[in-house]
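Below is one structure, written out as structure tokens; the observations come after it.
The values are calculated or read from the model by the stated rules, or taken from the named source; none is laboratory data. It should be emphasised that the depicted structure is a prediction, and the values quoted were computed from it without experimental measurement. Please note: Cβ atoms are built from the backbone with ideal geometry, for glycine as well, and neighbour counts cover all protein chains shown.
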Amino acid sequence: MRIGLRLQRRPDDPATLESEAAGSPGAACNRVRSVLTDAQIKAWAALTPRQRQCIDAMRLGHCTNKEIARAVGLQPDTVDEHLTVARRVLGVRHRMELALIAERIHAREGQLSASNREG
């Protein structure tokens, strides 16, 4: 059984959406838009600093609650609660969707700070 994500496919490709199982993480990646919506940006701002810290740790490669907990100095159950609430606030079903949104937020903030340095 092959486990992995097909990130090379376009999220809006109907063939991709039909071919992926509805509840799989691969399907979750395909459902996340390549551009952040205003609602996602506002929802990200509504997260607590600890929730964002847990998501950022996951974005940086800490995959399990235990790994994230070690990285941010919390208990694994607390990390699980932070990620569950964050998924609810951002309106996503999978951890991978959280990580993708966090990556896009991080890239957007990097672009904004670069443009501020130039101007």
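Restricted to segment 31-84, the set of helices (runs of 4 or more DSSP H) holding at least 1 residues that are among the β-branched types (Val, Ile, Thr) and over 14 Å from residue 102 (Cα atoms) comprises 65-72. Exactly one residue out of 70, 6, 50 is basic (Lys, Arg) and either modelled with pLDDT under 95 or touching a Lys or Arg at 6+ places or on another chain (Cβ under 8 Å) (or both): that is 6.
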